[in-house]
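Shown next, in structure tokens, is the structure this report addresses.
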């Protein structure tokens with residue numbers, strides 16, 4: 001039995017009807033500084049306030065955005081699971097509002113070179129997140145690096161954060177172009193939802209999406225949908241300085257209310273449009289096994 005078949009068997013085992021399967025949402029952006037990690041954190045808080053169990057995987061390797069914004073220093077990270085024999089519960093740090101997060105550490109670039117036993121161990125541990133969390137939010141790095149694209153290809157649900165800045169819109173298009181060209185990406189199994197951040201009005205957010213969608217539809221033939229917008233808000237900037245998510249620091253702030261609306265759309269949108277849950281075993285197996 002080869003490595004790929006072993007991993008497929010693990011996925012099947014973890015997708016049996018009696019086993020819980022987490023919803024995996026990947027948050028990304030074409031460039032840094034657009035509010036991607038803020039989006040991941042505040043959506044996590046909003047989901048938690050709806051009664052969902054939420055874990056954030058900080059996949060922006062080399063940077064520590066999530067832990068800095070939470071004001072919490074993790075004792076362990078994903079590398080400790082891979083190389084130090086820690087189990088999945090050991091590497092979860094619990095932040096404000098009852099949201100857990102996993103620090104990526106120095107990255108998983110070498111996963112595909114690990115032995116079969118290592119891979120099986122990792123996948124089995126990550127599959128346990130399906131029992132610990134209802135929703136897993138993956139916060140990727142910014143841009144179009146191979147690592148970012150691998151996470152996006154593996155995800156059935158992608159939130160692309162962009163702003164009205166021309167460079168942000170251009171970089172968002174470049175990211176979608178690179179993703180669309182990836183040999184393992186399928187628009188039939190992945191939903192791409194655009195969130196407009198740092199806008200002056202809801203109308204500006206909708207106009208931003210219309211502009212991006214027109215170019216994407218014409219040149220990439222890639223379906224994307226509009227998720228909503230988050231306004232410019234001084235309370236959000238203050239919350240970042242205080243290392244507390246604005247959804248907790250000031251739940252009545254304009255930005256916090258916007259995150260609440262977006263979370264409700266994601267949670268209670270049309271049932272026909274809700275993505276099929278894949279679970280963490282399938283998510284990570286897709287990353288580390290090449291077709």
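Brief remarks on what is shown
- Within the stretch 130-139, the set of residues being touching a strand residue (DSSP E or B) at 6+ places or on another chain (Cβ under 6 Å) and either modelled with pLDDT under 90 or outside any loop (DSSP other than H, G, I, E, B) (or both) comprises 135, 136, 137, 138, 139.
- For the stretch 160-172, filtered to residues that are part of a helix (DSSP H, G or I) and over 20 Å from residue 147 (Cβ atoms), the residue that is farthest from the chain's Cα centre (by Cα) is 166.
- Condition met for residue 174 (surrounded by fewer than 17 Cβ atoms within 10 Å (Cβ to Cβ) and modelled with pLDDT of 95 or more): yes
- 3 or more residues under 17 Å from residue 161 (Cα atoms): qualifying helices (runs of 4 or more DSSP H) within the stretch 177-268: 202-219, 254-268
- Members of the stretch 200-215 found to be within 22 Å of residue 266 (Cβ to Cβ), touching a helix residue (DSSP H, G or I) at 6+ places or on another chain (Cβ under 8 Å) and surrounded by fewer than 21 Cβ atoms within 10 Å (Cβ to Cβ), listed by number: none
- Qualifying residue in the stretch 48-57 (condition: at pLDDT below 95, more than 22 Å from residue 250 (Cβ to Cβ) and in a loop (DSSP other than H, G, I, E, B)): no
- Among residues of the stretch 217-234 that are at positive phi and touching a residue at least 40 places away in the same chain (Cβ under 8 Å), none has a Cβ under 6 angstrom from a residue that is surrounded by 17 or more Cβ atoms within 10 Å (Cβ to Cβ) and part of a loop (DSSP other than H, G, I, E, B) at a sequence gap of 6+ or on a separate chain.
- Residue selected from the stretch 64-83 under the condition in a loop (DSSP other than H, G, I, E, B) and under 18 Å from the mean Cα position of the chain (by Cα), by the criterion surrounded by the most Cβ atoms within 10 Å (Cβ to Cβ): 77
- Subset of the stretch 140-158 that is part of a strand (DSSP E or B) and crowded, with 24+ Cβ neighbours inside 10 Å - its residue that is modelled with the lowest pLDDT: 140
- Residues being modelled with pLDDT under 80 and either over 15 Å from residue 65 (Cα atoms) or assigned to a strand (DSSP E or B) (or both) - total across the stretch 84-118: 11
The values are calculated or read from the model by the stated rules, or taken from the named source; none is laboratory data. Predicted model, so just to flag it, every value in this text is computed and none were measured. A quick note on method: Cβ atoms are made from the backbone with ideal geometry, for glycine too, and the neighbour counts reach across all protein chains shown.
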